[in-house]
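Please see the structure below; I have some questions.
The values are calculated or read from the model by the stated rules, or taken from the named source; none is laboratory data. What you see is a predicted model; the values in this text were computed from it and never measured. Here Cβ is always computed from backbone atoms with ideal geometry, including for glycine, and neighbour counts include all displayed protein chains. Please note that ligands, DNA and RNA were not included when accessible areas were found on the heavy atoms of the full protein model with its side chains. Shrake-Rupley method; radii C 1.70, N 1.55, O 1.52, S 1.80 Å.
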Amino acid sequence: MTISIGRSFSLAGIDAHPVTVEVDIRRGLPSYTTVGLADKAVKESKNRINAAVKNSGYEFPVKRITVNLAPASVKKEGSSFDFPIALGILQSSGTIKPGRLDGIASVGELSLDGNLRRVRGVLPMARCLKESGLKKILLPEENGKEAAVVEGIDVIPVDNLKTAVDYLNGDKSIEPFKLDLQQEFRHSCSYREDFSDIKGQYMAKRAMEIAAAGGHNILMTGPPGAGKTMLARRLLTILPSLSIREAIQVTIIQSVAGKVSPGSSLVSRRPFRSPHHTVSDIALVGGGSNPRPGEISLAHRGVLFLDEFPEFKRQAIEVIRQPMEDGTITVSRAADSATYPASFMLVAAMNPCPCGYFAVSGRECTCTAVEIKKYRSKISGPVMDRIDMHIYVPALGKKDIDSLDRGETSNIIRKRVIEARNIQRERYFREENIFANAEVDGKVIDKYCRPSKTASGLLIDSMEKYGLSVRAYNKTLKIARTIADIENSEEITEQHAAEALQYRIGDRQWDL
């Protein structure tokens, strides 16, 4: 009887947990058994491992093999256990010298010829490795840069099983992969789009600048062809770059979802997700039998663009209400639950009516009042109340287009946005997990978003006149705080409050 003990990891949400891989080989009828709450993909690994070991030039033991993945109470899923199990079998059979797996973790999927394929979730696994006190990890070459983001560990990338065996036996030397994190992070992302591509729409551009400066959600209403999608897709070009802390958060989510490009390290560009309106609620918020991050988590610290907003299933829209407030989403199942970050900027776009031409000069609307009311009622009041800014994007005529200039470039607008964000960062540096005005809540609003006496009177009067809720009042106050930051003003003045109110009631010009 020979027992080999190795180390690996399992994923639960965006966190990794250490797993001990025990391989027992003894005489008896040839068999292969995997225990330890392993899913189908892990149990199927025996066929991949058998072929990989033989095709790498080693003998696969024709004995009774038992693989235990501990702790047995934690569910193990995916193909990342192929590599550690194969190494355990080879050590138990004598191919790898005794003790060479001590203090070393490994992850990776094996192909039938013994090559290693990349796996998802390597970044949280590398963080778990460091926290567990281990110093070295063997993994596929394509995952090397991603794991090297974590400092203080030795990342040993290997391309196949034979190379790993030679390294462990001391027959081959492999230097730990090193990554210049600062250089990787400074790698700039260029955009083909620019705000100067859009003629006119000065109020809409101003609203997008305020939304970017404060991290506010925004709803654009207007006829087809007014430029709503163009505005949404250019929002990224005026947002500040991710901080290293934010980039690590984004990369972990992308890694768990398997969205990190091969050979990449940090995701340095803010995500932009634009799901089709036929998306299911599970695909939008995450979940499934084996929970995975949904679109709202993949948009963490970035933009979630929902075009044709009323065409989304009502249930799918309703399930994003809680994440919009909390910045997280907890997916619960009978046997498991997972919590994913979901702090995103919601940018939604819709037409004023089913045909799109209600109250549009020069175009005839073919919709009845009942059809228009039914169309707009697809978005509930609570959802509308949670969207900070509501703006109307009018159609431009040919004469307008010919006479209007392109306006400011994204770089000019972005500088003002960054200055406003810097003010907010300094203001909230003692408050944990607050990156922008939109995330302020509770006592923090009372402390940092106090309007002047005249501004307060204007907001209260408007609250009564337009029937705004307390939530809408607070959101208007936060928008006013952002406008004041853009203008580098300590005080929220009446002018700031008046402009902020336009973005809560500005879309009412097309009311029935």
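Please report the equivalent ellipsoid semi-axes of region 421-512, computed as sqrt(5 x eigenvalue) of the Cα gyration tensor, largest first, in whole Å.
Details: eigenvalues 111, 36, 31 Å².
Square roots of five times the eigenvalues give 24, 13, 12 Å.
Let me ask another. Quote to one decimal, in nm, the extra length available between residue 444 and residue 406 on full extension: 0.36 nm per residue of separation minus the C-alpha distance between them.
Details: separation 38, 0.36 × 38 = 13.68 nm, distance 3.88 nm.
Contour length minus Cα-Cα distance gives 9.8 nm.
Send over the per residue convex hull volume for region 278-415, Cα only, as a whole number of Å³.
142
Please determine, in degrees from 0 to 90 and to the nearest 10, the orientation of helix 82-92 with respect to the longest principal axis defined by the Cα atoms of the chain, where the helix direction is its Cα long axis.
Helix 82-92 and the main axis of the chain meet at about 20 degrees.
Over the chain, with every protein chain in place, what whole percent of the accessible area is carbon and sulfur at 1.4 Å, could you tell me?
Numbers: 11140 of 23280 Å².
Answer for the chain is 48 percent, counting heavy atoms of protein chains only.
Another question, then. Mind running the shape call on region 195-429? Use the C-alpha gyration tensor, a ≥ b ≥ c as the square roots of the eigenvalues: rounded below 1.5 for a/c, prolate if a/b tops b/c, oblate otherwise.
Working: a/c = 2.13, a/b = 1.24, b/c = 1.71.
Cα axes put region 195-429 in the oblate bin.
Would you list 409, 34, 339 from the most to the least accessible area, probe 1.4 Å?
339, 409, 34
Also: Can you give me the relative contact order of region 195-429 as a percent, contacts being Cα pairs under 8 Å and 6 or more apart?
Result for region 195-429 is 33 percent.
What percent does the relative contact order of the chain come to when contacts are Cα pairs within less than 8 Å and at least six residues apart?
Working: 1017 pairs, mean separation 68.2, N = 512.
In percent, rounded to a whole number, it is 13.
Under 10 Å from the Cβ of residue 143, count the other residues' Cβ atoms, weight Lys and Arg +1, Asp and Glu -1, and hand me the total. Present the calculation step by step, with values, prior to reporting the outcome.
Numbers: positive: 117, 118, 120, 145; negative: 141, 142, 146.
Once positives and negatives cancel, what remains is +1.
If I take all pairs of Cα atoms in region 172-319, what percentage of them are more than 27 Å from each other?
Everything past 27 Å amounts to 33 percent.
Here is a further query. What's the long-distance tail for region 267-327, i.e. % of Cα pairs beyond 13 Å?
Tail of the P(r) past 13 Å holds 62 percent of the pairs.
Here's something else I'd like to know. Which of the aspartates and glutamates could be linked to residue 415 by a straight reach, that is with a Cα gap under 15 Å, when you skip same-chain ones fewer than 8 residues away?
194, 209, 485, 487
Taking R0 as 35 Å, what FRET efficiency do you get between residue 321 and residue 130 from their Cβ-Cβ distance, rounded to the nearest 0.05?
Details: r = 37 Å, r/R0 = 1.05.
Calculated value: 0.45.
For the chain, what does -39500 (n - 2.57) per DSSP helix run (n ≥ 4), summed and divided by total residues, give at 222 nm, in deg cm²/dmol to the nearest 500?
Counting only the DSSP helices, I get -10500 deg cm²/dmol.
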